[in-house]
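Novice: Sending over a structure as C-alpha cells; questions will come in a sec.
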Amino acid sequence: MGKITGGELIKRILVNEGVKYVFGVPGDQLYPLLDSFYNDNKIKFVTFHHEGAAAHAADGYARVTNKPGVVIATVGPGAANLIGGVYPAFAEGIPIIIITAQNQSWKSYPDHGSMQALDQINLLKPVTKWNAYISQWNRIPELVQWAFRKALTGRPGPVHLDVAVDVLYQTGDESSVSLLKPDNYRPIVPPAGNPFLIDEAAKLLAKAKMPLIHLGGGILRANAVEEAKALADYLKAIVTTSIGGRGSISEDYPSLLLPSLPGALEAQTEADVVLIAGSRLGDLDYWGKPPAWGDFSNQKTIHIDITGDDIGLNRPVDIGIIGDVKVVLSQLLEAIKKIMPPKKDYPEKLEKYKESEREYLKNMEDLSYSDSIPIHPLRVVREVREFFPKDSIAVIDGGNTTVWASYLNKVYLPYTYFSTASGDSGHLGSGIPFSIAAKLANPDKQVYVISGDGAFGFHIADLETACRENLQITFIVLNDSAWGMIKAGQTLYYSNRHVGVDFSEIRYDLIAEAVGCHGEYITKPDEIKPALERSIESKKSSVINVAVDKNVIPPHFEILAGIWLEGVEIPS
C-alpha cells in the first residue's frame, strides 16, 4: 500500500458513506480533494458559480434523497459565501456535511496575518449542529465520521469540518487507516417511544370521536410516510399537514385537508384529539393556538418529537413522546390494534370540511381559467401542474409565487415538492440549485421550477450549471418585474408608496439562451402549454419567462403579514 493525501482520505470516507455527489466552488487550498475526484466513477464533484448555491444544492439533495448532502468551499470568501445556503438546512433540520479549507495549521487559530484568513468555526457555528477543526492527518477518519454521526442523530442538521490546507496536502500511509461501516460507528436503528406513553396515547386516539393527525416535515425526514398513512387508515382520522409536510401523504387521500385553508382550520379547531407528528407547530401552523386550533382545555394533544425540544414549545400537550416519528407511529398503530378494530367510517363532519375547502379553492380555480392579459399567476400554476406527471418534482421559489402555487400545485408523492415556504427559513433563491440536485438524484423524473423573478435572479448564473451537466429542468418564471410580496405590503399598508421594489423588465429567456439553455417568452395565456411542449422537446434545460399581472395579490398575503408582523403596529 502507498501514501495518500488528506484530500484522498476524505474522499474515501465520503464514498464509504455512500456519497455520490459533492457540490461546491473550487479553490487552490482544495486541490488535493478536487484531484481525488478525478476519474472516480463512484463520486462526482459538481461545480457551481457561488458557494451559497452549492450549499442549497447539498440541502436539496438531502431533502430529495433523505441522505446527507455534501458541500465544499475554500478559505475566507468561499466559506463566508456558504451562510445563505446553509441557514435553511439548519432552520429546517436537513443533514448536510460542510467541508471548508483553512489556512495552514501553524498560522491559523490565531491568525498570523494570512490572506483570506477567517475564523470559519465561529462563522458557521450559529447555523450548524457541530463543528470541528482538523489539524492532523490521522484524525481525519475520526472527525469525518463524527460529522456524519452528528448530522444524522437526533434532529438532523448541518455540520462543519474546517480542514487545514497542510493536512489536505499531507500524505499518510493508507494501511494505517481502517474505515468502519456506518453501522459500526453510529446508531442506525432509530429510537422508540416510551411504552407507557405509547399505551396512554393509543387509549386517547382509540376513544376519540374525531381524531386529527397533523403531519410536519419530520415525517419526510424520518421516512415515515407509510406509517403515517397506515395509522390514518386504521383510525379513519382527518389528516392535515404543515406547509413543510406536503407530500407526507398524497393530497388525493380521502381525509386530507390542505394546509391553512378553511376546511383544515375548521377541523383543527373541532377535533377532540390531535396527534402532532414531525412538526414543531411554528408560525405557519399558527403556533398550534386558537383560533386555528382548539383550546387546550377542550382538545387533547399528543406530540411526537425526536429530541423533546419542541414538545409543549408552542402548545401545551397531554402526552409528549420522545422518539423517532417513524418508529413511534408504528408503535401507536400496534397498540391501538390491541384496543379496537379498524374504524369503518370517516367523521361525519369531514364532508363539511371538504366543502369549505372546495368553496375556497373554487375562486382560485376560476381565476386559473382567466384569459386576462397580463396573465394571472394562477393560470400559469394550473397549466404547469396539469402538464407535468404526478410523480414530477416541483420546486417553488419566491414570495407571492409560493402562495399562488400552494393553492393549485397539488402534491401526490413524497419528496416531490420543495417550496421556499416549506420551512422556517423562507430563503429565496434556492430554486435553481435545488432543482439541479433533484434532477441529479432523479434523472428519470421530470423536474420543474415555478419561481418569482426576484428569487430567480439570486443564482441565475447556475443555469449554466444545469446546462453543463446536461440536465433537463423546466424553469417557469412568473415575472412581475418586482419584489412582489414586499410591493404588496407597500401597496396595502403604505398607500402605494413603493420603495426599492421595482425592477426593469428582464428577459430571463434570453439569458437562458446565452448559457446554452432553451428560452421562451410568453405574454398570452394560450401560449403557456405550447411553450411547455417546446421546452420538453428541446431536451435541454429551459426558461419560460411569463409576463404576469403585476397588480394581483394572493388572498393569504394579509394572513402571512399578520403572522410575520405579529405584535407590531401595522399602518392602516
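Laboratory data are not the source of any read-out in this text; all were calculated from the coordinates shown. Here the structure is a predicted model, which is why all the values come from computation and not from measurement. Note that we place each Cβ from the backbone using ideal geometry, even for glycine, and neighbour counts take in every protein chain shown.
Novice: By how many nm would the segment from residue 313 to residue 112 lengthen if fully extended, with 0.36 nm per residue of separation less the alpha-carbon distance?
Specialist: Between residue 313 and residue 112, full extension yields 67.9 nm more.
Novice: For region 395-417 and region 527-572, what is the centre-to-centre distance using only Cα atoms, to the nearest Å?
Specialist: 10
Novice: Still on this model: What are the residues whose amide H is under 5 Å from the amide H of residue 447, where those residues sit 5 or more places off or on another chain and H is modelled from the backbone?
Specialist: For residue 447, whose amide H was placed from the backbone, the distant partners under 5 Å are 393, 474.
Novice: As a footprinting exposure proxy, order 508, 253, 346 by other Cβ within 10 Å, with the fewest listed first. Numbers along the way, then the final one.
Specialist: Working: 508 23, 253 13, 346 16.
With the fewest neighbours first, 508, 253, 346 line up as 253, 346, 508.
Novice: For the chain, what is the charge dipole size about the Cα centre, in debye to the nearest 20, if Lys and Arg each add +1 at the Cβ and Asp and Glu each add -1 at the Cβ? Mind dumping the intermediate values first?
Specialist: Values: 55 positive and 68 negative charges, 252 e Å.
The calculation lands at about 1200 debye.
Novice: Then there's this: Show that you can apply the helix-only estimate: for the chain, add -39,500 (n - 2.57) for every DSSP H stretch of four or more residues, divide by all residues, and state [θ] at 222 nm to the nearest 500.
Specialist: Working: 23 runs with 215 residues, N = 572.
So the calculated ellipticity at 222 nm is -11000 deg cm²/dmol.
Novice: Here's another thing I want to ask about it. Work through the residues other than residue 156 whose Cβ is under 10 Å from its Cβ and net out their charges, Lys, Arg +1 and Asp, Glu -1.
Specialist: +3
Novice: Within 9 Å, Cβ to Cβ, of residue 74, how many net charges do the neighbouring residues add up to if Lys/Arg are +1 and Asp/Glu are -1?
Specialist: Around residue 74, the surrounding residues sum to -2.
Novice: Non-local amide H neighbours of residue 24 (under 5 Å, H modeled in plane, Pro and chain starts lacking H): which ones?
Specialist: 46, 48, 72
Novice: Explain nothing, just compute: Karplus ³J(HN,Hα) = 6.51 cos²θ - 1.76 cosθ + 1.60, θ = phi - 60°, for every residue of region 127-132 in order, whole Hz, x for Gly and Pro.
Specialist: 10, 9, 6, 7, 9, 8
Novice: So, one more: Quick query: amide H of residue 134 versus all other amide H atoms, modeled in the peptide plane; which residues come in under 5 Å with a sequence gap of 5 or more or a different chain?
Specialist: 162, 163, 164
Novice: Obtain the nm distance between the two label points defined at residue 343 and residue 498 by a simple spin-label model: each point lies 7 Å from its Cα along the Cα-to-C-beta direction.
Specialist: In this crude spin-label approximation the distance works out to 5.0 nm.
Novice: Add +1 for every Lys or Arg and -1 for every Asp or Glu among the other residues with Cβ under 12 Å from the Cβ of residue 169, and state the total.
Specialist: -3
Novice: With each pseudo-label sitting 7 Å past Cα toward Cβ, what's the residue 444-residue 390 distance in nm, one decimal?
Specialist: Spacing of the two 7 Å Cα→Cβ label points: 1.8 nm.
Novice: Alpha carbon centre of region 192-234 versus region 310-386: separation in Å?
Specialist: Using only Cα atoms, the two centres lie 15 Å from each other.
Novice: Order these by the 10 Å Cβ neighbour count, fewest first: 293, 287.
Specialist: 287, 293
Novice: While we're looking at this one, here's another question. Exposure proxy check: 186, 280, 358, 385 ranked by fewest other beta carbons within 10 Å?
Specialist: 358, 186, 385, 280
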